[in-house]
Every structure is written in C-alpha cells, then in structure tokens.
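Accompanying notes for the structure given below.
The values are calculated or read from the model by the stated rules, or taken from the named source; none is laboratory data. Please read all numbers here as calculations on a predicted model, not as lab measurements. Methodologically, a virtual Cβ is constructed for each residue, glycine included, from the backbone with ideal geometry; neighbour enumeration extends over all protein chains shown. Accessible surface areas use protein heavy atoms only, side chains included; no ligands, DNA or RNA. Shrake-Rupley method; radii C 1.70, N 1.55, O 1.52, S 1.80 Å.
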Amino acid sequence: MQKLRELSIRAKHVAVIIIFLYSRCMSFYDPICQFFRALIQPEYNAVTDVYVLMFLADTIDFIIIVFGFWAFGKHSAAADITSSLSEDQVPEAFLVMVLIQFGTMVIDRALYLRKTVLGKLIFQLILVLGIHFWMFFILPTVTERRFNQNLVAQLWYFVKCVYFGLSAYQIRSGYPTRVLGNFLTKSYNYLNLFLFQGFRLVPFLTELRAVMDWVWTDTTLSLSSWICVEDVYAHCFVLKCWRESEKRYPQPRGQKKKRVVKYGMGGLIVLLLICIVWFPLLFMSLIKSVAGVVNRPLDVSLTITLGGFQPIFTMSAQQNQLRDLTEEEFNAFVSSYSYTPSALQFLEAYTHQDVTVAELQGSSNSLWTISPPSRWYLSQVLHLDHFPLTLSWTVQSRNLSLGAKAELASGKHVTYLDNQTRLELIELLNGNRTLPVVIQDVLPCFLRAPSDSNAKPIEHLYTGVISRLVNMAKKTHSREAGLQLFVFSDKVSPPSLGFLAGYGIMGLYASVVLVIGKFVREFFSGISHSIMFEELPCVDRILKLCTDIFLVRETGELELEEELYAKLIFLYRSPETLIKWTRR
C-alpha cells in the first residue's frame, strides 16, 4: 500500500508538471496561432492592392543584378557582365541570380492572381530567411568583403527590404477580391497612354502576362479567346485616350492645321526618316573620320618564296623596328604627289599618325631549310618559262573595337621571273655565281592595312617617288635598314561603338534600316482595312462590356462570362451593330 501511495503521488507530480508545461507551451503557441489565423482569415480587413509597387521593387532589383553583377562575385575585375556577354560567355552565378530573381517575380504574380494569402505568407517567410542568410553569411564569404563595404549589395538589400514591407502590408490587408484589367488603364490621359504603349512594346512582356493570367485565373475561355478579349480591351483603351485628348484639345471644323503642328510633328518625322535612311553611310563615315582610333601595327612580317618550295627569306619588324612618320615627313611626302590627283585623293584620308615605317633587316632571320633533292629539282624547274616568285606579307594589329584581340591582315604578290633572272638563279644554286641576283619591281613599299583581313599594295603611290621617300626615311633614322615598308593603317571604331561598326554598311542596312522600315511601313500601309475598328467615335460601351467580362470572371459567374464574350464577338462581326454601339 505504501508503494501504491508513492506511485500515485509521483503520478500526480508528473501530471502537474505535464499540465504546467502544456499550459506554458499553449501560452506561447496560442498567440502565434491567433496571429497567423488573424492574418489568413481576418474578420475585418481593408483590402488593398500594392502588387504594382512590389513588381516595381523587383524590377529595380533585377536591374541592379544585371548592371551591378560585379559586386556579387569574388573577382570584381573579372566579373564584368558586358565583356562576358560580348565574348558569348555567361557566368554561372549571374545566370542563377537572374533566374531566381525572375522566378520570384513569376511566383509573386501567381500568388496575386490566385489571391492566396497563406501561400504569400509562406513565400514571404522563405524569402526573408533565405535572403538574410545569403546576404549576411554566404555573400561575404564568396566576395571576401564585408556587407558594409559592398555598396551595390546594400542598395539591392534596401530595395528588397522595401519589397518585404510592401509584401507584409499586402498580407496584413489581404488580396483584392477583383483584379480588373491593367493598372495603367485606370485613367485616360497622355501619360497612361504612352506608358501603356511602352509596356506593350517590351518584347514578350504582354504575351507572358496574358498567358500567366490565363493559367492562374478561373475562366471558361480558351487561350485564344482570352488573348482576343485582352487585345480588344487594349485597343479600345488606346482609342478612348485619343478621344479624350480630342475633347480636351478640340479642333474647330473647317480650320486648317497650324504650322506649329505641321512643322513640329511632320518636320520631326521627315527628319527622323531621313536620318534612318542615311544612317549607315553617315555612321560609317563619321565613326572613322571623327571618332576613329589610330590602329598601329604591332608586327610586320615579310616572306619570299620561289615557286612552292621553302621560303628563301623571312623577316619581321617589331617594337623599335616600327616607327611613325613625323608631321614634317608626311607633309613632304604628300607634296611630292602634287601632280597626281589619284594619290592625293587617297592620302586625304590619312594623317602622319596613320603611317608606320617597318624597317626590315636585309638578311633573313632563318636558314633556307631545303633538302638537296629539292634544291636540284628547283634548279631544273627554273628552266620553265613561267616560274613564279611569291612575296607575302602579314600585318598584325590590335582590334581596338573588340578590346585587345589580335587581328591579322595579309596579302601576297606573285611575279614571273624573266629568262636572265632565272639563269642567274640557276648559276647561283649550282655554285657558279658569287654576285647577288637583283630582281626589279618586286617589293611593294606601300601597304594598306584596312580593318578587315586583306592588306593590299597601294597602286596610287607607285609613281617614281619611292626612292625619295626611302632616302627621306633613312636620313631621319640613324640605322640604315635593308628593306622598308610603309604601312597605312585605317582608323577603327572606338570600343564603345564596335558592336555597330562590325556590321559594315550593308550589314547596317540589312539589320537596322530594313527592320525599322518594316515597322514604319505598318503605320503607313493597310490603314484602309482597319478603318471600321480605328475610327470609333465612342468606345465607352465596348470598354464597359470588357470590364463586365472581367467582373463576372472574378465573381465566378463563368456561364455569364461565356455569354458576354459571345456578345463581344458578335459585336465585332456586325459592322451595323458596331456603328450603333460606338455612337456618341
């Protein structure tokens, strides 16, 4: 009996402790449950709609990620997203951040359309915990910088905190019971009109919004019917804005248009069309003559080959062997062509900074590695009447429009040896001649290195003044060079405009002018086929019909939604009914 009493006393103590712990837990648990229950199922709440502000905050964060990605990487200098994209490389961290940011915007839109406060609350908690853990623990470890030293991350976090505040206010107030149309279509003025038109011009934004709305909204309409209603509503809104502007600024009947309007609007359009038509020519002409950058060669190489055998002469000029002409030397050179119009026309496009003198040594920098059988065979084929001597050159420069990427411009000149020269070469190969063999008119002293990969001799400058220029260059240089090449380098576009200059004139016409012209043509042609839908005096009844479709859809009257949609389709199929509905 004593043991039973002790067990009962212990059981009472345990029960008391359990009841005490339970009451303490419930004292903490009940307020939390009541708090979340009041959020999810409030008795009274002032319904509000701050989705537009939340979307704007997310958009700002998206822009910060795109243009300030370098602040979220370990190596700031190597994380330049513009240079990475120009080289067709996408950093993995950048792609993950952009996709996550875009995914949160899509989820937020889905919760807004479904009006799910519980889902929004869970999504808010996940975002708050995840972003704070990433911002204050993971990001400083990755970037090796403290949060208070990362200004871009602070700006991104500040905008995200604004988003958190708006989301909390939306959860507290609850989602609106009705989502009717676009927020830009609430007023009919020029500001809403231009903002709405700009919204529709963003690629894939209108289509993505329409499809998402159809997916997450209860409706009986098909996707094509949904898009049809959206398009009718958008078109009527634009017409309503123009009709309201005509009421505010009426045009008296029988009065001609003012000159301010004609020259202000018409003159601007004429100027714009002229600029579009002649844009490629003006751009390519000014980009190199006004904003062009001098592109000096880094290496000039020369190779001489007999037939298809091993080169007998190879030489290159670099660094100190490349020098620029002074202004006095260039002026003297230009004055020597005073009576040659073609040469002067060519030289007008160049300055002394564009001319580089490549001084090549007279001896080759490599041995003539030809085998004895090939040498014997060369002495035999030299008896042929048409034996070629090939002189090839390469000019290496830095493509400034694409950064530090190396670019090669090459060319070659083939000449056929005469009988006397071939006989002298045969004697030289057989060891019966000690004097050098002189080949006339082979070396092109003047080369043009354009922005492409084709370096050609300049035919306009071969008028008997080569020796004077060579002597002038030798007098101004202490060391006499064996061979001298004068390279005229074309200016290249600056790096900031290299993406446009790379297309060329024909590329700009094909990719810019013709594409813009196609869109411009749509405004000037086919108008007669849309008069019955464009010239509507009053679209209030059609707008009200579209709004009624939105309203009955939100209230769950899906059968009535089908009937109203059928009425809208019948209205646009019947011109007589459309005229009656759009009277003032």
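Structure notes:
- Between Asn430 and Leu53, the distance separating the two model label sites (each 7 Å from Cα on the Cα→Cβ line) works out to 10.1 nm.
- The range 118-210 - convex hull of alpha carbons, volume per residue in Å³: 164
- Relative packing of peptides 188-194, 104-110, 514-520 - highest average C-beta neighbours within 10 Å first: 104-110, 188-194, 514-520
- Links that overshoot a 28 Å alpha carbon limit, given the list Lys115/Lys247; Lys262/Lys518; Lys247/Lys580; Lys262/Lys580; Lys120/Lys567; Lys186/Lys258: Lys115/Lys247; Lys262/Lys580; Lys120/Lys567; Lys186/Lys258
- Put Asp49, Asp490 in order of accessible area, highest first, and with a 1.4 Å probe you get Asp49, Asp490.
- Largest to smallest accessible area among Trp70, Trp216, Trp156 [probe 1.4 Å]: Trp70, Trp216, Trp156
- Furthest towards positive pole of dipole, Val106, Ile60, Leu166, structure part the range 50-179, Cβ charges: Leu166
- Convex hull volume per residue in cubic angstrom - Cα atoms of the range 193-317: 345
- Counting only aspartates and glutamates at least 8 places from Lys412 when in the same chain, those with an alpha carbon closer than 18 Å to its own are Asp299, Asp441, Asp452, Glu459.
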